[in-house]
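K.L.:
A single structure is presented below for examination.
The values are calculated or read from the model by the stated rules, or taken from the named source; none is laboratory data. Here the structure is a predicted model, which means the values were calculated and not measured. As a convention, Cβ positions derive from the backbone with ideal geometry for all residues, glycine included, and neighbour counts pool all protein chains shown.
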Amino acid sequence: MAKYDNDFVSEHTPRMGNAVTRWIGQTILNIMGWKIVGEFPKEKKLLFIGAPHTSNWDLIVALAGMMSIGLKCSWMMKKEAFFWPLGGLWKACGGVPIDRSSKNDITSQMTQWYQDNERAWLGLTPEGTRSKVEKFKKGYLRMAYAAGVPVFIIGLDGPSKRIVLDRVWELTFDTEMDNRKIKAYYDKTFIGINPKNG
């Protein structure tokens with residue numbers, strides 16, 4: 001770990017940015033009173049989920065956190081948004097174009113994306129909304145199963161102002177059971193920035 005500039009990443013972590021962007025990210029976290037705890041697993045490929053998503057501030061905190069440690073997190077976006085001159089920028093920032101009209105569904109497209117990239121970390125918010133939900137959307141599990149990548153749990157805990165790099169979840173490959181247990185773990189462990197939406 002000594003060759004890296006923080007304790008959260010390893011040689012397998014996709015990186016982006018530089019000392020300046022890391023300083024900007026850390027400064028934003030400091031001003032807002034947030035900190036990162038835990039560490040990422042030493043995996044070249046993984047899918048991580050972040051929750052609870054209860055506020056517009058979630059995105060700012062998450063982006064500042066990623067900037068502060070130089071993490072390159074990939075995310076899905078409809079391919080129509082990747083037009084010139086923004087297409088190159090979206091890809092440089094981690095955007096993955098998704099063809100919603102393709103005969104290959106999103107799971108198949110993302111499985112191929114994982115196969116095509118040596119280091120591939122995809123981030124998702126499984127709630128899909130800032131409103132309270134009874135269950136997570138299950139697409140993240142279908143992708144993880146199909147691509148053979150681990151699911152890593154990240155929690156935003158509002159009361160303690162911590163971004164928690166928690167754990168790799170042990171999957172059973174029973175979609176309903178895994179999704180239910182992961183949702184229950186989030187409900188038990190983390191409280192969002194705006195608890196009334198959680």
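K.L.:
Taking the options Val149, Val164, name whichever one is in contact with a Ser or Thr (Cβ under 9 Å, 6 or more places away or on another chain), in contact (Cβ under 8 Å) with a residue 24 or more places away in the chain and either surrounded by 15 or more Cβ atoms within 10 Å (Cβ to Cβ) or not aromatic (Phe, Trp, Tyr) (or both). First the steps, then the outcome.
P.N.:
On the way: Val149 fails: in contact with a Ser or Thr (Cβ under 9 Å, 6 or more places away or on another chain).
Checking each option against the conditions leaves just Val164.
K.L.:
Sort out which residues of the stretch 8-40 are in contact with a Cys (Cβ under 9 Å, 6 or more places away or on another chain) and either within 22 Å of Leu141 (Cβ to Cβ) or free of Cβ contacts under 8 Å to residues at least 60 places away in the same chain (or both), and write them in order of number. Spell out the reasoning first.
P.N.:
Quick first cut of the stretch 8-40, residues in contact with a Cys (Cβ under 9 Å, 6 or more places away or on another chain) only: 14, 16.
Result: Pro14, single match.
K.L.:
Something else: Being farther than 25 Å from Ile24 by Cβ and at pLDDT below 95: is that true of Gly128 here? Even if it seems obvious, please write down each step before you answer.
P.N.:
Details: farther than 25 Å from Ile24 by Cβ: yes; at pLDDT below 95: yes.
Yes, satisfied.
K.L.:
With respect to the numbered conditions (1) under 16 Å from the mean Cα position of the chain (by Cα); (2) crowded, with 18+ Cβ neighbours inside 10 Å; (3) closer than 19 Å to Leu59 by Cβ, which one is the sole condition not fulfilled by Ala120?
P.N.:
(3)
K.L.:
So Lys42 ticks every box in (1) more than 30 Å from Lys188 (Cβ to Cβ); (2) surrounded by fewer than 15 Cβ atoms within 10 Å (Cβ to Cβ); (3) of a type in the set (D, E, K, R) but one. Which box is left unticked?
P.N.:
For Lys42, the exception is condition (1).
K.L.:
On to the next question. Restrict the check to the stretch 92-104 and report whether at least one residue is surrounded by 14 or more Cβ atoms within 10 Å (Cβ to Cβ), modelled with pLDDT under 90 and among the small types (Gly, Ala, Ser).
P.N.:
Yes.
K.L.:
Could you please find all residues in the stretch 144-189 being outside any helix (DSSP H, G or I), under 22 Å from Val37 (Cβ atoms), over 16 Å from the mean Cα position of the chain (by Cα) and not polar (S, T, N, Q)?
P.N.:
Narrowing the stretch 144-189 to residues outside any helix (DSSP H, G or I): 148-174.
Subsequent filtering for residues that are under 22 Å from Val37 (Cβ atoms) retains 150-170.
Checking the rest, the ones that are also over 16 Å from the mean Cα position of the chain (by Cα) come to 158-161, 170.
Scanning the stretch 144-189 gives Gly158, Pro159, Lys161, Glu170.
K.L.:
Can you go through Leu59, Leu86, Leu29, Leu46 and tell me which one is out of contact with any Phe, Trp or Tyr (no Cβ under 9 Å at 6 or more places or on another chain) and at pLDDT 90 or above? Can you show your working first?
P.N.:
Numbers: Leu59 fails: at pLDDT 90 or above; Leu86 fails: at pLDDT 90 or above; Leu46 fails: out of contact with any Phe, Trp or Tyr (no Cβ under 9 Å at 6 or more places or on another chain).
That would be Leu29, the only listed residue that is out of contact with any Phe, Trp or Tyr (no Cβ under 9 Å at 6 or more places or on another chain) and at pLDDT 90 or above.
K.L.:
I've got another one for you. Please work out if Arg22 is farther than 30 Å from Asp178 by Cβ and charged (D, E, K, R). Let's see the steps before the verdict.
P.N.:
Numbers: farther than 30 Å from Asp178 by Cβ: yes; charged (D, E, K, R): yes.
For Arg22, the condition - farther than 30 Å from Asp178 by Cβ and charged (D, E, K, R) - is met.
K.L.:
Which of the residues that make up the stretch 20-42 are touching a strand residue (DSSP E or B) at 6+ places or on another chain (Cβ under 8 Å) and of a type outside the set (Lys, Arg)? Working first, answer last.
P.N.:
Of all residues in the stretch 20-42, those touching a strand residue (DSSP E or B) at 6+ places or on another chain (Cβ under 8 Å) come to 29, 34-41.
Leu29, Trp34, Ile36, Val37, Gly38, Glu39, Phe40, Pro41 - these are the residues of the stretch 20-42 that are touching a strand residue (DSSP E or B) at 6+ places or on another chain (Cβ under 8 Å) and of a type outside the set (Lys, Arg).
K.L.:
Return the pair list, or none, for Cβ contacts closer than 7 Å from residues in the stretch 41-70 that are without any contact (Cβ under 8 Å) to a residue 40 or more places away in the chain and part of a strand (DSSP E or B) to residues that are crowded, with 23+ Cβ neighbours inside 10 Å and of a type in the set (Asp, Glu), at least 6 apart or on different chains.
P.N.:
Pairs that qualify, where the first residue is without any contact (Cβ under 8 Å) to a residue 40 or more places away in the chain and part of a strand (DSSP E or B) and the partner is crowded, with 23+ Cβ neighbours inside 10 Å and of a type in the set (Asp, Glu): there are none.
K.L.:
Against the definition (outside any loop (DSSP other than H, G, I, E, B) and over 23 Å from Val168 (Cα atoms)), how does Leu89 come out, yes or no?
P.N.:
Taking the combined requirement at face value, the residue satisfies it.
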